[in-house]
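One structure is given below, encoded as structure tokens.
The values are calculated or read from the model by the stated rules, or taken from the named source; none is laboratory data. Model, not experiment: these values are computed from the prediction. Quick reminder, even Gly has a Cβ in these numbers, built from the backbone with ideal geometry, and neighbours come from all protein chains shown. When the accessible area is computed, the model is the full protein with side chains, heavy atoms only, and any ligands, DNA or RNA have been set aside. Shrake-Rupley method; radii C 1.70, N 1.55, O 1.52, S 1.80 Å.
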Amino acid sequence: MHLHLPWFASHSQGMQRFALGLVSALLALTLAACGFHLKGTTPLPFDTLYTNISDNDAFGMHLRRVVLAASPNLRFTETPKDAQAVLTQLSMREDMREIAIGPDGLVEEYELTLIYSFQLTDAKGNMLLPPTTLESRREVPYDSSALAAKQGEISNLFFDMRRGMADRIVRRLTSPQVIDAYLKYQAEEPAAVVEPLIRQPKLEESPSSTLPTPTRYGVPVYR
């Protein structure tokens, strides 16, 4: 048995499909006008990488996961001499400063800052990515009556900032600048291998674990 829909029902369904298609097209045009587009991952041009960034903390582990997500065939080596490229962490610093003081002389807001410096070289010591410094800043309101809660909030913000920093680092590593530089140096005449200088990471203790006591005009205030 074949059921035949009335002409107005079939017309209504057709209008709904047309409206849906029109909305989809308008949405696509709007996103395109805003510069939105999906980006695929760009694999690194080398297969082995050494880094002095420790994988014993959340930052190092996340960085490795993001690198491997972009380059699934890449392998981290134990020594720089076994790697085609070397990622060197030069320094990482976390700071916290007062940016708002209330009429009672108590801190009302802090600014958190994460500053990270790194570089990338190939096995010959050629600079693929010169010393680069990235910064991340966040503002957080402060309430001296909820010291423990604010200390936890600041620690979580620094954690998120380090994860975001790892993502930014990988975007720099997979940039056309790095890929072109690596391929250029590989095409040149072989040169004597110079083991790159690996600096030990310069790390400073996060201030989130030592939140300062609220002050009023330079005098400690306790609630």
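If you scale each eigenvalue of the Cα gyration tensor by 5 and take the root, what three semi-axes come out for region 88-175, rounded to whole angstrom and sorted largest first?
Working: eigenvalues 248, 28, 16 Å².
They are 35, 12, 9 Å, listed from largest to smallest.
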**Request:** Starting at the first residue of region 146-155, write each ³J(HN,Hα) from the Karplus equation 6.51 cos²θ - 1.76 cosθ + 1.60 with θ = phi - 60°, in whole Hz, x for Gly and Pro.
**Result:** 10, 4, 5, 5, 5, 4, x, 5, 5, 4
**residue 97-residue 147 pseudo-label distance in nm [points 7 Å out on the Cα-to-Cβ vector]** = 2.5 nm
**Asked** For residue 138 and residue 55 in one chain, what is 0.36 nm times their gap in residues minus the Cα-Cα distance, to one decimal in nm?
**Response** 27.4 nm
**Request:** Calculate, for region 44-161, the solvent-accessible area per residue in square angstrom, rolling a 1.4 angstrom probe over the heavy atoms of the protein chains.
**Result:** 45 Å²
**Message:** At 1.4 Å probe size, put 154, 101 in order of accessible surface, largest to smallest.
**Reply:** 101, 154
**Asked** Taking the Cα centre of region 76-168 as the origin, how large is its charge dipole in debye, to the nearest 20, when only Lys and Arg (+1) and Asp and Glu (-1) carry charge on their Cβ atoms?
**Response** 500 debye
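Return the carbon/sulfur percentage of the accessible area of region 131-172, one whole number, probe 1.4 Å, all protein chains in place. Don't skip to the end; give the middle numbers.
Working: 1010 of 2250 Å².
Answer for region 131-172 is 45 percent, counting heavy atoms of protein chains only.
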